[in-house]
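A.B. asks: Take a look at the following structure, please.
The values are calculated or read from the model by the stated rules, or taken from the named source; none is laboratory data. Predicted model, so just to flag it, every value in this text is computed and none were measured. Heads up, the Cβs are rebuilt from the backbone with ideal geometry, glycines too, and the neighbour counts pull from every protein chain shown.
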């Protein structure tokens with residue numbers, strides 16, 4: 001979901017059905033358990049992008065937002081993904097469990113918007129945590145936070161929460177949706193004491209106004225559970241996907257922020273007592 005650049009090792013597109021992962025449920029449990037299915041776009045191993053350490057990242061299809069700078073517009077439609085069982089995802093993740101554990105990583109469910117498929121997302125997080133013993137992260141805009149059950153959040157060690165803008169009009173312009181549901185979800189996470197990394201995409205001429213940045217910083221600092229803020233420089237690496245889908249990438253002439261602009265934004269978060277990177 002984010003625009004953060006890092007190291008991503010493609011694991012490949014979603015394959016056909018496979019056996020359940022080793023070390024999972026016992027045969028008796030497997031006989032009574034009916035795994036959920038979801039629309040999956042792909043999965044990757046990534047480092048420095050989707051949470052701490054090296055992580056197995058499952059990208060789900062479908063998103064209620066239409067962010068102007070989205071670098072994965074091919075994940076917007078749920079029907080564009082492949083119908084996949086949780087068993088299949090776990091089988092793939094299990095192949096990398098030892099490597100991920102040594103690298104101090106975990107598993108992240110991303111998208112698209114994973115809370116568009118809350119049952120499937122909940123099962124993935126639960127089984128990644130309890131069957132594979134992995135640190136779990138949920139990458140979300142928070143717009144559908146009301147769909148996250150308490151059980152789902154108990155199985156989530158870290159939430160990567162995108163706050164697109166503090167200015168309401170700018171948020172609607174960027175995403176096509178209102179900001180309030182994201183703020184409500186953020187406050188719920190704070191009440192639960194759930195660790196959060198806030199992610200903020202810095203777009204020159206759109207989200208970079210100091211008052212806008214400081215508004216996000218002030219809100220995040222007041223929550224008490226935000227351990228890190230990622231200031232993500234806008235980039236145009238997804239422009240070709242927009243073109244391939246026949247969509248108009250309206251930010252094609254918008255420059256990426258300069259290093260000085262990025263540092264200025266980070267300084268505003270730091271001034272509120274937050275760790276900004």
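A.B. asks: Based on what the data block shows, is residue 179 within 15 Å of the chain's Cα centre (by Cα) and either touching a residue at least 40 places away in the same chain (Cβ under 8 Å) or within 21 Å of residue 231 (Cα to Cα) (or both)?
C.D. replies: no
A.B. asks: Would you mind finding the one in 112, 62 that is under 15 Å from the mean Cα position of the chain (by Cα), in contact (Cβ under 8 Å) with a residue 60 or more places away in the chain and at positive phi?
C.D. replies: Just one listed residue meets the conditions, 112.
A.B. asks: Here is a list: 18, 2. Which entry is modelled with pLDDT under 50, under 14 Å from the mean Cα position of the chain (by Cα) and part of a loop (DSSP other than H, G, I, E, B)?
C.D. replies: 2
A.B. asks: Look through region 70-83, keep the residues that are surrounded by 22 or more Cβ atoms within 10 Å (Cβ to Cβ) and touching a strand residue (DSSP E or B) at 6+ places or on another chain (Cβ under 6 Å), and return whichever of them is nearest to residue 176 (Cα to Cα).
C.D. replies: 75
A.B. asks: For the structure I just gave you, tell me whether residue 54 is surrounded by fewer than 19 Cβ atoms within 10 Å (Cβ to Cβ), in contact with a helix residue (DSSP H, G or I) (Cβ under 9 Å, 6 or more places away or on another chain) and within 28 Å of residue 198 (Cβ to Cβ).
C.D. replies: no
A.B. asks: Please go through region 238-277 and give me each residue that is touching a helix residue (DSSP H, G or I) at 6+ places or on another chain (Cβ under 7 Å), buried (at least 16 other Cβ atoms within 10 Å of the Cβ) and assigned to a loop (DSSP other than H, G, I, E, B), ordered by number.
C.D. replies: 238, 249, 272, 274, listed by residue number.
A.B. asks: Within region 133-176, how many residues are within 16 Å of residue 50 (Cβ to Cβ) and touching a residue at least 60 places away in the same chain (Cβ under 8 Å)?
C.D. replies: 9
A.B. asks: Condition first: in contact (Cβ under 8 Å) with a residue 24 or more places away in the chain and farther than 28 Å from residue 74 by Cα. Now tell me which residues in region 217-261 satisfy that.
C.D. replies: Result: 217, 218, 219, 220, 221, 223, 224, 225, 226, 227, 228, 261.
A.B. asks: Being surrounded by fewer than 16 Cβ atoms within 10 Å (Cβ to Cβ) and assigned to a strand (DSSP E or B), is that true of even one residue in region 219-237?
C.D. replies: So far as region 219-237 goes, yes, one or more of its residues are surrounded by fewer than 16 Cβ atoms within 10 Å (Cβ to Cβ) and assigned to a strand (DSSP E or B).
A.B. asks: Could you check region 198-218 and list, in sequence order, the residues that are crowded, with 20+ Cβ neighbours inside 10 Å and either at pLDDT below 95 or closer than 30 Å to residue 155 by Cα (or both)?
C.D. replies: Passing the criteria: 198, 199, 200, 201, 216, 217.
A.B. asks: Could you figure out which of (1) surrounded by 21 or more Cβ atoms within 10 Å (Cβ to Cβ); (2) assigned to a strand (DSSP E or B); (3) modelled with pLDDT of 95 or more isn't true of residue 46?
C.D. replies: Unmet for residue 46, out of (1) surrounded by 21 or more Cβ atoms within 10 Å (Cβ to Cβ); (2) assigned to a strand (DSSP E or B); (3) modelled with pLDDT of 95 or more: (3).
Results for (1) touching a strand residue (DSSP E or B) at 6+ places or on another chain (Cβ under 8 Å); (2) not in a loop (DSSP other than H, G, I, E, B), shown as yes or no for each residue.
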{"site": "138", "(1), (2)": "yes, yes"}
{"site": "142", "(1), (2)": "yes, no"}
{"site": "151", "(1), (2)": "no, yes"}
{"site": "156", "(1), (2)": "yes, no"}
{"site": "170", "(1), (2)": "no, yes"}
{"site": "187", "(1), (2)": "no, yes"}
{"site": "197", "(1), (2)": "yes, yes"}
{"site": "204", "(1), (2)": "no, no"}
